[in-house]
Structures are given as C-alpha cells and as structure tokens.
1. Cut-off is 10 Å between beta-carbons; in what order do 267, 236 appear when sorted fewest neighbours first?
2. For the range 287-334, what is Rg from Cα atoms divided by 2.2 N^0.38 Å, rounded to two decimals?
3. In a shell of Cβ-Cβ distance under 15 Å around residue 325, excluding residue 325 itself, what net charge do Lys and Arg (+1) and Asp and Glu (-1) give?
4. What FRET efficiency comes out for the pair residue 217/residue 317, r = Cβ-Cβ distance, R0 = 41 Å, nearest 0.05?
5. Order by neighbour count: 261, 221, fewest other Cβ atoms within 10 Å first, most last.
6. Which entries in the list 214/308; 52/310; 52/110; 110/214 go over 31 Å, if you measure between the two C-alpha atoms of each?
7. Among 75-86, 205-216, what's the highest-first ranking by average C-beta atoms within 10 angstrom per residue?
8. First measure r as the distance between the Cβ atoms of residue 64 and residue 256, then evaluate 1/(1 + (r/R0)^6) with R0 = 30 Å and state the FRET efficiency to the nearest 0.05.
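Please treat every number below as a calculation from the coordinates, not as lab data. Because the structure is predicted, anything quoted here is derived from the model rather than measured. When we count neighbours, we look across all protein chains shown, and the Cβ atoms used for this are built from the backbone with ideal geometry, even at glycine.
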Amino acid sequence: MLDSSSNVSRSHAGNTVPESCPSDANANAKMSTPSHTVATLMHGEPQMPPLKQVASLLHSRLDAFLSESHEEGSLLQRVQAQTRISMRVIQEALQRHPYEELSLSYNGGKDCLVMVVLFLACLHCTGIRVDHDDNKAKNGSTPSSGEESHDTVQAAAATHDKENQQMQTHTLPQEIPAIYAQPECPFPSVESFIHSSAQTYHLSIQTYPTNPPKSSLKSVFASYLDANPSIRAIFVGTRRTDPFGADLTHFARTDHGWPDFIRIHPVIDWRYAEIWAFIRHLGIDYCDLYDQGYTSLGGMNNTHPNPKLKRTDEEAKQFDGEYKPAYELVSDDEERLGRA
C-alpha cells in the first residue's frame, strides 16, 4: 500500500480550518472512490500501483480516446484536438527541463485535475499519439494560442524523436513535486480530495496557506521556490477565462515582482465544457463539491454554489440536491458566478 505520509503536506502545511470560517456541510462526508479511480481501473488491485504503472494506464486511456471517431466540430472532437495540443506542450516542457526542475501547482480543482492526468500520461516512456489532426482545435468554439501555439506545435513535432529518447532514458521519479496554495478557509472536502488524489497520482504536495495580507500567492510561491531551489518551471492549470489568463501563452516567465520561474499552461485554451467532457468521458474521479453546484472552487468564505445551476421547485422534487452538478453549466462566462 502506498504510504500516505509520502504525499501529504509538509511542516508548513496549514490544513486546520480556522474557527472563523463557515462550516462545510461536507466536512464529515467520505470521499467516494467509484470506478473512476486508478486503483480500480487497474483491475481492482488492492494496492496503489506505482507511478510508472499509473502513467502507463493513463497513457493507454488517452491513446484509446484519441483513436475514437467523433463528428467533426463535436464537443468530444474538440476535446481530442485540445488534448493533442496540451500533450505537445507538456512534451516540449519535458524536453526543455529535467524532472528535477519541474513541479505542478495543484489545488484539487477540475482544471488542475485535467492537467495532472495529461502530465502523467506524457511521462509514459513510449509517448502518446498526437501526430495528426493538429489544427482541429481551431474548429468550433475553441481557438489555439495563436502564433505561440502554432510555434509550440511545430517545435514539439520537430523534436519528437529527441523527446522520446530523453523520456526513455530518464528514470521516472517516485513522486511528482507539487505546490498547493491553500486558500483561506479551505473546504474540508476539497482537502480530503487533494489528499486522496495526491496518493492516486503520486504527487508530493507541499501546502502553503494564503492568508492575506500576511501571505499571498506571490509570497507562497517565493517560499516554495526558496525551499526547492532546483525548480525552474511550474505547470499551472490556468485557463483563458480565469483572472489574468487572457494574454497568457503556453510558456510564460513570471513578471511584476513574482519570483522567477517559467509558468507552463497546457490547458490555457480549454473551454469549461471541454474540461468536463474530458473528465466525464474518461471517468476521472473529482471533488464531490462539483456535484453540488460548485463550478469554481476557492475557500468557504468566498465560494458558493453557482446560482445558474439552482433547480426550480419542480426540479427539486425530482432530483436530490438544490443545485445541478457543475458539468451541466454551459457558458464559460458563468463559471465564476459562485465566487464572491
């Protein structure tokens, strides 16, 4: 059995919820682990498989997904195109940086979850089939990252053999380093999911609480890099519609007084519906708050179910819960309506 102590936060963690924070109705709820989990997908093995096996499994699942036939311009066809682009970005990052220079920013949210699955699949030594339908992400409602995305795709394609050689000759680490910038008043159910998913995906998470004005995102990343001086680049699950995400590229060096590192944004151009289509089509386990109408997760003091998902009185009689699940939301512009 995987030792959970190897994946939980270190001494600077602040997982205790302050008394001033509102209560979470899910604080005592047991996180479900249905057939979505990697352990169950591995033919019901009682022990957590090692990282190499998890990466191989996810690679196979994504390779099979990319081989599926979907109607041109359909949601799943767009997700396939986005997956190929994201894989190229990750493969280029793996070609640019050795493992010890890379880390993930992970908060248990849907976007980070997709990013982690894509990243682990790319760790598989044989690579993944992303060598066709390069420009399909330009169809429908999902653009690529303009010239930067085109250049990224071309550069990754030109060095594909070199990447594969490097990935085959490097030994996989036992765990993937990650930072969790913990919000003020974190949801216990989110904390529980972060803990369980860190074990599933072999993330070695260091938790740094944000507590404005004492600490901010900028200061906790500075502390993380001070404690981990080998880190040069961090994968971030930011999307184009997130705050300050409109002008980001796949690879962007920090600025405006931030500590110096390269931010890697493999899912920057994914739409909200595409994120959920990926998660649900591949059967990936996610935080149960999303099934209760939350569409964007922060802290208990500033996050509420999305009002656009509130059921009518008639609907409430037919279904459990006051709110529809997050994946029923359609518009990107309405994703953060539950955030104060």
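1. Arranged by neighbour count, lowest to highest, 267, 236 become 236, 267.
2. Here the Cα radius of gyration is 1.12 times the empirical estimate.
3. Within the 15 Å Cβ shell, the charges total -3.
4. Here the calculated transfer efficiency is 0.45.
5. 261, 221
6. From 214/308; 52/310; 52/110; 110/214, over 31 Å: 214/308; 52/310.
7. Highest mean packing first, the order is 75-86, 205-216.
8. Working from the Cβ atoms, E equals 0.10.
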